[in-house]
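For reference, the structure discussed in these notes is given below.
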Amino acid sequence: MAGAPPSAYIGLMSGTSMDGIDAVLVNFNNGQAELLQRQSIAYPDNVRNRLERVSQNEGTPDDLGELDHILGKLFGRAALEVIRSSPLSASDVAAIGSHGQTIRHKPEGQSPFTLQIGDPNLIAEMTGVTTVGDFRRRDMAAGGQGAPLVPAFHQAMFGDDSENRCIINIGGIANISWLPADKRQSTTGFDTGPGNALMDAWCLNQTGRHFDEDGHWAAEGRTDQALLSDMLTDAYFGQPAPKSTGKEKFNLAWIQTILHRHPDVLPSDVQRTLLELTVITIVRQLPSASGQRIFICGGGAKNPLLMKTLSLACNPMPVHATSELGVDPQWVEATAFAWLARQTLARQSGNLPAVTGAHGARILGAVYWP
């Protein structure tokens, strides 16, 4: 008698923070995600530094090709490690969904494109598991932004008929998914702007640390209202959805350009102001809906000062972590790409046209067979 087909999926995610790879091994049963194992692999400093340079157009074609290969091996290693640390074997895994590492995302203009590296061929070769990658470009080919893609997963996992919910992911870039209780209304979502990207870039530039742990440095400063007001004039914040962005826009150069007009602001005050910018640009773009609850995921959920500031700004709307919905904030995005791989193999759509602006629902991703 033949054995049951494999039912577990692996999701691999590296976001705009460019700090490493999150890997999850997950089962999807009865509309729920059961995390069987999870693992994080940090990028070596030299790889992270090269990624940062390439993302700012400071790399050569050789750099891109080499990093595509290096990251493909790192993603493959992450998948193998999450399998090895679980009771399952590779033959129990139906597919790996790999987001790759975004290097450039420019959805506007005459030649819109998005570029993720981390060769899926290497992942499939190393693991012997069917691998799905290149999720974003099919949506873009259909006239969409190619991002964000996680609202479709949020809708499937976190939607509820009894209450309006808003999922806020705070990675390098922040995005929101609004999940209406009334199914006659569409799920919507978009990138609000910077999440941790600007805070991380300024912290690295001023202190040599890749991020402000627990917001301690920002807590030493104060919000400079003139600087904040100047930052908030950026046209992206008032742009209607669908919209998406990345570190090609919100980066150290963006900060420095504005700081030229505010030369006397203390470095710690800049850091606190950047934290306030993240909060305000999220809160100002939240949908106005009664009975709404807010759930946070992403690396920003680990920053107590950011979470406290956001909770105060959202009051009286309650703010929770997605762990209350069954998925730890750190693993939501990786789980989403495991789910998207499942959608692809099932020949089901993975995008939401109301979110991305695509002409219709599309099956996403390219499949790399073992």
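The table that follows gives values for the structure above.
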| read-out | value |
| --- | --- |
| Selection count where residues are on the phi > 0 side of the Ramachandran plot and modelled with pLDDT of 95 or more, scope region 305-358 | 2 |
| Pairs, first closer than 13 Å to residue 281 by Cα and surrounded by fewer than 22 Cβ atoms within 10 Å (Cβ to Cβ) in region 237-248, second β-branched (Val, Ile, Thr) and at pLDDT 95 or above, C-beta under 9 Å, six or more apart | 237/192; 237/280; 237/281 |
| Matching residues, region 192-235, being more than 22 Å from residue 148 (Cβ to Cβ), assigned to a loop (DSSP other than H, G, I, E, B) and in contact with a Ser or Thr (Cβ under 7 Å, 6 or more places away or on another chain) | 221, 223, 224 |
| Criterion: of a type in the set (Gly, Ala, Ser), farther than 22 Å from residue 48 by Cβ, at pLDDT 95 or above and not assigned by TED's automatic domain parsing to the domain that holds residue 34 - qualifying residue of 186, 177 | 177 |
| Only listed residue being in the same structural domain as residue 342 (by TED's automatic domain parsing), surrounded by fewer than 17 Cβ atoms within 10 Å (Cβ to Cβ) and either of a type outside the set (Lys, Arg) or farther than 24 Å from residue 336 by Cα (or both), chosen from 98, 89 | 89 |
| Top-ranked residue of region 8-19 - restricted to ones that are modelled with pLDDT of 95 or more and not β-branched (Val, Ile, Thr), ranked as nearest to residue 197 (Cα to Cα) | 14 |
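The values are calculated or read from the model by the stated rules, or taken from the named source; none is laboratory data. Everything numeric here is computed off the predicted structure, so don't read it as measured data. Every residue, glycine as well, gets a Cβ built from its backbone with ideal geometry; the counts of neighbours run over all protein chains shown.
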